[in-house]
Amino acid sequence: MSAATLAELPVGSDAIVQAMPTGRSCLTRLREMGIVPGTRVRVTRRAPLGEPIEICVRGSHLSMRNHEAAFIAIRSAVGA
């Protein structure tokens, strides 16, 4: 069973970042902006064709492509 990813999270849903791979340059900047394991994220909207997605993390709104979001494993924020 594969873990859920940020790319699969519906608009308006919250999740906790569970894991994020290292060694991928496209994800380095996202880590620098605070997307690290244990961080709560919310998908606030998607562009009409499905990407990019906008997320809210630590009070900031960030946009990313689905292929970047697919590397970020998440878990449910319910009860967290």
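The values are calculated or read from the model by the stated rules, or taken from the named source; none is laboratory data. Remember, predicted model here, so these are calculated numbers, not experimental data. For neighbour counting, all protein chains shown are included, and Cβ atoms are generated from backbone atoms with ideal geometry for every residue, glycine included. SASA here: full protein model, heavy atoms, side chains in, ligands and nucleic acids out. Shrake-Rupley method; radii C 1.70, N 1.55, O 1.52, S 1.80 Å.
Data overview
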| item | result |
| --- | --- |
| The chain - percent relative contact order, Cα under 8 Å, separation 6 or more | 42 percent |
| Accessible-area composition of the chain, carbon plus sulfur, in percent [1.4 Å probe] | 53 percent |
| Rounded accessible area per residue of the chain, 1.4 Å, Å² | 60 Å² |
| Gain in span if fully extended, Arg65 to Val36, counting 0.36 nm per residue against the direct Cα distance | 8.7 nm |
| Stretchable slack from Glu8 to Leu49, in nm (0.36 nm times residue separation minus alpha-carbon distance) | 13.3 nm |
| Net +/- balance of residues flanking Val36 in space, Cβ distance below 13 Å, scoring K and R +1, D and E -1 | +3 |
| Three semi-axes of the equivalent ellipsoid, the chain, Cα gyration tensor, whole Å, largest first | 16, 15, 13 |
